Amino acid sequence: MANIAKKNTAAVTAQEVPVHVGVIMDGNGRWAKKRNLPRKFGHREGAKNFRAITRHAKAVGVKYITFYAFSTENWKRPKDEVDSIMELFEKYLDEVRDFVEENIRIRFIGDRSALSETLRRKMAAVEEDSKDFNAMTLVLAINYGGRDEICHSVQQIAKMVKAGQIEPEEITQELIEKNLYTEEIPPLDLVIRPSGEQRLSNFMIWQAAYAEFYYTNILWPDFKNEDFDEAIKAYSERNRRFGGV
Ligand code: FPP
């Protein structure tokens, strides 16, 4: 584990590193605007950064990292911007193969039905090729929405009830969880949101129920390894009670 110094104490210990970190990659548009560039240049820088932070998270000892790359609401953006984000996915789906060599498992969450055939094929291939890797799991949320995910889970369960496989009383939190896109991925411990916004924006609303929240005014393309370390340090100093005392 890479060494992260705390303010007054020794380094963050392995037990204090969050197992699952979620990142809302916000501020790409503002980053571009500040430089008088089109918004898509901000997404390009943001996409580069996601690779760097993934590698750093692995070095720090994080086991799961999820990036919110495209939400079910992002289709409302101008077509040119949506197209440029989709192009970036395609490019990075090829490059993400480097991670496979680094023993990183790759998973996607979200509704794939609205994505192009090429994207869906590449996503399935990279998931299959990395399924046995265990140094870290990288999760990309694409066309993802927390409410949409819960709806999808409920639909699966309703089918089981209709088929007579289970009784309504047998619907438990575990069953709902099992039918989420995340399946066996553990709940979030820490959610990082750069760019100054302090909201969840439909990101893993079920899995973030007890997550710690960390925000910073730094825009996502400028968010560097040291900033990630700051977030881990802040997390290690929190007192999580999960509703207890
Ligand atoms: C939010 O910033 C960012 C997005 C909606 C898109 C994020 C997508 C990428 C970084 C590109 C591809 C990612 C991968 C994983 C290959 P914003 O545009 O809302 O910024 P603003 O609030 O400053 O306008």
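The values are calculated or read from the model by the stated rules, or taken from the named source; none is laboratory data. The model shown is predicted, which means the values in this text are computed figures rather than measured ones. Every residue, glycine as well, gets a Cβ built from its backbone with ideal geometry; the counts of neighbours run over all protein chains shown. SASA here: full protein model, heavy atoms, side chains in, ligands and nucleic acids out. Shrake-Rupley method; radii C 1.70, N 1.55, O 1.52, S 1.80 Å.
Descriptive notes on the structure:
- The set of residues in the stretch 14-33 being touching a residue at least 60 places away in the same chain (Cβ under 8 Å) and assigned to a helix (DSSP H, G or I) consists of 16, 28, 30, 31.
- Selection within the stretch 11-32 - within 7 Å of the ligand (Cβ to nearest atom) and either over 22 Å from residue 141 (Cα atoms) or open to solvent by 70 Å² or more (accessible area, probe 1.4 Å) (or both): 30
- Residue count for the stretch 114-134 satisfying the condition of being over 17 Å from residue 89 (Cβ atoms) and touching a strand residue (DSSP E or B) at 6+ places or on another chain (Cβ under 6 Å): 1.
- Where a residue in the stretch 155-168 is under 20 Å from residue 111 (Cβ atoms) and its partner, wherever it lies, is open to solvent by 40 Å² or more (accessible area, probe 1.4 Å) and not in a helix (DSSP H, G or I), with Cβ under 7 Å and at least six apart: 157/171
- Some residue of the stretch 181-191 being touching a residue at least 60 places away in the same chain (Cβ under 8 Å), part of a helix (DSSP H, G or I) and surrounded by fewer than 22 Cβ atoms within 10 Å (Cβ to Cβ): no
- Taken over the stretch 33-55, the criterion of being within 10 Å of the ligand (Cβ to nearest atom) and open to solvent by 70 Å² or more (accessible area, probe 1.4 Å) is satisfied by 33, 34, 39, 40, 44, 48.
- Residue-level check: of (1) more than 25 Å from residue 187 (Cα to Cα); (2) more than 8 Å from the ligand (Cβ to nearest atom); (3) open to solvent by less than 60 Å² (accessible area, probe 1.4 Å); (4) aromatic (Phe, Trp, Tyr), residue 92 misses just (2).
- Taking the conditions (1) closer than 17 Å to residue 181 by Cα; (2) open to solvent by less than 30 Å² (accessible area, probe 1.4 Å); (3) of a type outside the set (D, E, K, R) in turn, residue 150 satisfies each one other than (2).
- Looking at the stretch 79-172, the helices (runs of 4 or more DSSP H) lying wholly inside it that each contain 1 or more residues that are acidic (Asp, Glu) and within 21 Å of residue 48 (Cβ to Cβ) sit at 79-95, 97-101.
- Check on residue 82, away from the ligand (no atom under 12 Å from the Cβ) and of a type outside the set (Asp, Glu): no
- Members of the stretch 199-226 that are outside any loop (DSSP other than H, G, I, E, B), open to solvent by 30 Å² or more (accessible area, probe 1.4 Å) and within 16 Å of the ligand (Cβ to nearest atom): 215, 222
- Hits in the stretch 58-72 - residues which are over 10 Å from residue 143 (Cβ atoms) and within 16 Å of the ligand (Cβ to nearest atom): 58, 64, 65, 66, 67, 68
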